[in-house]
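The values are calculated or read from the model by the stated rules, or taken from the named source; none is laboratory data. Computed from a predicted structure; not experimentally measured. A quick note on method: Cβ atoms are made from the backbone with ideal geometry, for glycine too, and the neighbour counts reach across all protein chains shown.
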Amino acid sequence: MAARKVPDLPNVSKDDLLKYYREMLLIRRFEEKAGQLYGMGLIGGFCHLYIGQEAVVVGLEAAAEEGDKRITSYRDHGHMLACGMDPKGVMAELTGREGGYSRGKGGSMHMFSKEKHFYGGHGIVGAQVPLGAGLAFADKYQGNGRVTFTYFGDGAANQGQVYETYNMAELWDLPVIFVIENNQYAMGTSVKRSTKSPTLWQRGAAYGIEGEAVDGMDVLAVKEAGERAVAHCRAGKGPYILEVMTYRYRGHSMSDPAKYRSREEVQKMREERDAIEHVRDLLMQGGHATDEDLKAIDKEIKAIVNEAAEFAKDSPEPDPAELWTDIYADAAPQTA
Ligand SMILES: Cc1ncc(C[n+]2csc(CCOP(=O)(O)OP(=O)(O)O)c2C)c(N)n1
Ligand SMILES: [Mg+2]
């Protein structure tokens, strides 16, 4: 039997809406906990939180199918959770423990999951863009019908390698979705200070690539745009660009003093545009969930996150002998 539809929202069922709520909340609570652990000295190095941008990955994952791939930058915890990676393994990696996805040797920016088709976590701005096109090249070569979500930021969108990649991706009709997460800032530089062109997605037109801008604080709008992009790629029409307009509430990384924007600006986005609050309103106003129901979900999510943090704290640090493992890949089998 088809799931019950939410009135005035013909394209979404109550169950889907609750699913998106839960998934976005998991990312937010996970990131809040990561921020706490960082403050306690349990996470070292860089740590870039995704708080504020949750609707981007949750909306796009809702448009993806099993086997589709994703690759992103260093701001990657949300992408990992949204594609179903285990919060315990992610948190243990953040804290540099043996139970982490890279056995504690990669940290926040270097985690991968072959099972979930998550290809990192890349610290060099823009580096993942040609790699994403390479993944799509492999899929096209194998004719397996898969698409690759290649995420990058507004700052990365000013890099030359992005445009070299656009050219090749369109030339070869690669099934790659270029997702520009426009969160308005590249470290302390606002988009307004770094570029005069009003939109980033339209730059694809120079290479013949179609695309669109989408409201990244609205998970339903992101999902819909994602479905258009996926359909375009799976139909063999080549790449597609989604410029997702979003906002990060926290600093660039944990060491950002955030002097380049006002508290009021951040506060206004949180109060007026928050993606989780938006879905909460839809559920409450549609009469699909009570305050109690949503509190119970929050409790459940907090328990998952606490369990992940406990797992991370209890997991041992990697054995020193591990310094010499996983450095080189095994040689690929040679074919005649
Ligand atoms: C090639 C390179 N140049 C500079 C840096 C330093 N750096 C790290 S993140 C960043 C800003 C990127 O901003 P954006 O692409 O908008 O992504 P966001 O952090 O907003 O997610 C810079 C300049 C880097 N890591 N790599
Ligand atoms: Mg940015």
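Per-residue answers, yes or no, for (1) over 23 Å from Tyr74 (Cβ atoms); (2) more than 16 Å from ligand 1 (Cβ to nearest atom); (3) β-branched (Val, Ile, Thr); (4) without any contact (Cβ under 8 Å) to a residue 12 or more places away in the chain:
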residue	(1), (2), (3), (4)
Arg273	yes, yes, no, no
Leu294	yes, yes, no, no
Ile297	yes, yes, yes, no
Ala303	yes, yes, no, yes
Ala308	no, yes, no, no
Ala312	no, yes, no, no
Ala321	yes, yes, no, yes
Ile327	no, yes, yes, yes
Asp330	yes, yes, no, yes
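Does the stretch 228-239 contain at least one residue that is assigned to a helix (DSSP H, G or I) and among the small types (Gly, Ala, Ser)? So far as the stretch 228-239 goes, yes, one or more of its residues are assigned to a helix (DSSP H, G or I) and among the small types (Gly, Ala, Ser). Taking the stretch 39-88 as the range and being under 27 Å from Val162 (Cα atoms) and acidic (Asp, Glu) as the test, the residues that pass are Glu54, Glu61, Glu65, Glu66, Asp68, Asp76. When you look at Val90, is it surrounded by 24 or more Cβ atoms within 10 Å (Cβ to Cβ), away from ligand 1 (no atom under 16 Å from the Cβ) and modelled with pLDDT of 95 or more, yes or no? Criteria not met by Val90.
Selection of first residues in the stretch 185-204 that are within 11 Å of ligand 1 (Cβ to nearest atom) and of second residues that are among the aromatic types (Phe, Trp, Tyr) and assigned to a helix (DSSP H, G or I), restricted to Cβ pairs under 9 Å at least 6 apart or on distinct chains, gives an empty result.
Test Asp173 against the stated conditions and say whether it is under 16 Å from the mean Cα position of the chain (by Cα), at pLDDT 95 or above, charged (D, E, K, R) and surrounded by fewer than 24 Cβ atoms within 10 Å (Cβ to Cβ). Taking the combined requirement at face value, the residue does not satisfy it.
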